[in-house]
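Before any comments, here is the structure.
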Amino acid sequence: MAKSRVIYWFRTDLRLHDSPALKAALDLDPEVLWPIFTWDPHYVYRARGGLNRWQFLLDCQNDLSTSITKLNSKSKLFLLREAPQTVFPKIFKAWGVTHLVFEKDTDAYPLERDAIVKAAAKDAGVKVITCSGRTLWDSDAIVAKNNGKPTMSTTQLQSAGKKLGAIDRPIPAPSSLPDPGEMPLDFEHEQPTSKPDANSERRTKKDTEYRSIAGPKGDFSIETMEELGFPSATTPHKGGETRALKLLDDIAKDKKYTATFEKPKTSPAQFEPQSTTLLSPFLHFGALSVREFYWRVQDIVDKYGKGASMPPASLTGQLFFRDMYFAAQAAIGPKFTQTLGNDHCRFIPWHLPSKVDEETGLSTGEYRVDSPEAEQWFQRWKVGMTGFPWIDALMRQLRHDGWIHHLGRHSVACFLTRGGCYVDWERGAEVFEEYLLDHEPACNAGNWQWLSCTAFFSQYFRMYSPVSFPQKWDKNGDFVRRWVPELKDLSAKYIYEPWKAPLLDQKQAGVRVTGDGLSGDKDKTYPKPMFDFSKRREVCLAAMKTAYEANLLGNDERVADGSWANL
Ligand code: FAD
């Protein structure tokens, strides 16, 4: 029987350890295996991906490529610079491919893209193998065991998971890899000739196209940020499977931390090192397998005995939240990330709601700006100039580092939505989409719904004060001093409420609390708070109460025609 010629398409799984899809590819005993990554214009031009996430992706790709080469000196991660929908039909034929293997992805755009690629493979007689590997359990299988419904709590996830059986143990990384095959790009076997003829112009153009697929050096290599024409990233966090496994090893060495971890007790103000694992960006790019993480922790918990923490607060409990959001999205579909058309998301008459494409019913990324004041609040929140130092420190850390602690995310998300500005959660989610290293469509939307009390959580009367909440964790305000240097010399008494500092204290600290922060001398001034938080708290509470009483769950008509009362 002819041996298999396999393309292994890396996407959400930039690793060699515990990859069910890679194992399936190697089980074919291929004659040749091409490990490839395609530059997808969707992510380059349409999705909001900040520079930090790009850098993290390049780190993961470089590390993976080095690991592949260690297993086969002729191989590496080959980068193809063209949309998968158009490049695959060409290379299937030109490279004599028999199989295409990849990890299953249940996000909205990949589902659409993969359907096109699968159809092209069918036309070309190429067999497609996909395996679930991104979550603890296959998200679609969880939905089936949850009676076709989205998982709206970790208890629902766990009981559906139980019906599927124990979480799979991780698969070891392969110890060798097959050679890659030839990678001709002259798809129709048309070589440019030195002799000019009627077709020469067309051939030359085509030749340029071929070469652009292989990148400027023509060798399918990974470019640097500079070569891609991007400015440098600012994040101190580095990506890659090697680093992820080392970080997990270090965490697992501290058995007490691992076994007794309780999320609500970890400090959002702790930095260098942070109080939680900071493994989320590695999970996002698949540089760390979620089952590897789960079993390393669970094995420690099993041996630890008395005093070990339990889900949902424990470390394994955190991974259940991740799976819960993935399965909720798998059940609801593309509209999971918006209010309109999402029956599980409560309608709240926010300021600045999103506009929706009439044909697809999906958010367009544009907003109704019928409240200029709220628009200014949003802009100040985004740049970390609200005049509330706790919120500003977090937003500045987010923009600079690409990561903030979970309770920090709680604080800023609550503040933007139901606990301050009353701005649409979808708008905040877009800012997170741009800046987070770990941006995961399902987890981001799901957590924003949780914090805005539109789904998953409904105790809207529980709010985060930007003053008393951080005081509980960080009396001296060291976290604020790190991220809002204008206030670094202000006394602890005023660090969370600088507007209350007498002029003399401001002078001694070398700062003036004045203006809106969007203009003026940013080194020596810090803005006044953009509103009176206690007053806004009351307004938001009353509005949420009214919205809840109206029970506007998935009320599409009112969202669509905009007939809401603004605050
Ligand atoms: P740890 O506390 O060490 O937890 C271990 C792992 O569990 C994390 O790496 C993560 O994969 C998972 N996890 C923990 N908490 C959650 C949670 N609430 N939801 C889903 N997974 C969780 N997480 C993302 O991975 N991507 C996102 O886009 C994202 N957006 C968020 C938006 C908002 C408004 C909020 C409040 C939370 C968001 N989270 C998101 C969840 C959570 O804040 C991060 O997963 C966590 O802070 C990552 O840090 P860590 O790795 O140190 O977490």
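The values are calculated or read from the model by the stated rules, or taken from the named source; none is laboratory data. Being a predicted model, the structure only gives us computed values, none of them experimental. Reconstructed Cβ throughout: ideal geometry from the backbone, glycine too, with neighbour counts over all protein chains shown. Note: areas computed on protein heavy atoms with side chains; ligands, DNA, RNA excluded. Shrake-Rupley method; radii C 1.70, N 1.55, O 1.52, S 1.80 Å.
So here's what we get for this one:
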read-out: Kyte-Doolittle mean at least -0.5 and Cα axial length at least 27 Å: DSSP H helices in the chain; value: 51-71
read-out: All aspartates and glutamates inside 17 Å of residue 306 as judged from Cα atoms, apart from same-chain residues fewer than 8 positions distant; value: 254, 262
read-out: Counting all C-alpha pairs of the range 239-383, share separated by more than 22 Å (%); value: 58
read-out: Shape parameters for the range 360-450, alpha-carbon atoms, Rg then Dmax in Å; value: 12.6, 41
read-out: Length added when fully stretched, residue 532-residue 260, from 0.36 nm per residue minus Cα-Cα; value: 94.0 nm
read-out: Value of Rg to Rh for the range 249-294 (Rh from inverse mean 1/r over Cα pairs, i.e. Kirkwood); value: 0.97
read-out: Note, ³J(HN,Hα) from phi for the range 264-269, Karplus 6.51, -1.76, 1.60, rounded to Hz, x at Gly and Pro; value: x, 9, 8, 8, x, 9
read-out: Of 335/355; 265/500; 3/118; 493/528; 493/535, pairs whose Cα-Cα distance is over 25 Å; value: 265/500
read-out: Solvent-accessible area per residue for the chain (1.4 angstrom probe, square angstrom); value: 44
read-out: Proximal aspartates and glutamates to residue 127, defined as alpha-carbon separation beneath 12 angstrom and excluding residues fewer than eight positions away on the same chain; value: none
read-out: Nonlocal amide H pairs with residue 365, under 5 Å, H built at 1.01 Å; value: 355
read-out: With every protein chain in place, the chain: carbon and sulfur % of accessible area (1.4 Å); value: 52
read-out: Theoretical ellipticity at 222 nm over the chain - DSSP helices of four or more residues, -39500 (n - 2.57) apiece, nearest 500; value: -13000 deg cm²/dmol
read-out: The range 41-117 - charge dipole about Cα centre, Lys and Arg +1 at Cβ, Asp and Glu -1, debye rounded to 20; value: 280
read-out: Cα-based convex hull volume of the chain per residue, rounded to whole Å³; value: 185
read-out: Over the range 39-144 - Rg/Rh using Cα atoms and the Kirkwood inverse-distance radius; value: 0.98
read-out: Amide proton proximity set for residue 133, modelled H, under 5 Å, gap of 5+; value: 104
read-out: Protection proxy ranking of 120-130, 330-340 - average other beta-carbon atoms within 10 Å, highest first; value: 330-340, 120-130
read-out: Prolate/oblate/rounded label for the range 301-425 (Cα gyration tensor, a/c 1.5); value: oblate
read-out: Antiparallel bridges, percent of DSSP beta bridges restricted to the chain (to nearest 5); value: 15
